[in-house]
Amino acid sequence: MRFRKANTADLSNDLSQLLDDLKEVLTTKGRETDPAASLLLNKAASTLEKVRAASSNAICESKAAAEAADAYIHDSPWRAVGGALAVGALIGLVLSRR
């Protein structure tokens, strides 16, 4: 099975589509129910908006972190190689002691 790399735009669009579909289902089902279900619908809609805001924030933060890491690696590649070597040596040392 082949997997393709998903970029953040694809993930964002998929999540947005999922949230829109969920909101539509909740709204459609909520019209024909009792007041307790209506309260549940309102809570679900509120939670849906919180998830949408949190996912948008997480995507923005991850983009910023990736851009900062990319800039750091391009500015000082040998430091990154040295750091990776040190981490690899430390992991190797810990695993060899087992």
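Values quoted throughout were computed directly from the atomic coordinates according to the rules given, and no laboratory measurement underlies them. Since the model is a prediction, treat every value here as computed from it, not as a measurement. Backbone-built Cβ (ideal geometry, glycine too); neighbour counts: all protein chains shown.
Would a scan of the stretch 60-81 turn up a residue that is touching a helix residue (DSSP H, G or I) at 6+ places or on another chain (Cβ under 8 Å), free of Cβ contacts under 8 Å to residues at least 60 places away in the same chain and within 30 Å of Asp20 (Cα to Cα)? Taking every residue of the stretch 60-81 in turn, at least one turns out to be touching a helix residue (DSSP H, G or I) at 6+ places or on another chain (Cβ under 8 Å), free of Cβ contacts under 8 Å to residues at least 60 places away in the same chain and within 30 Å of Asp20 (Cα to Cα). All of Ala66, Ala44, Ala86, Ala53 fail the test of being loosely packed, with under 11 Cβ neighbours inside 10 Å and within 25 Å of the chain's Cα centre (by Cα), apart from Ala53.
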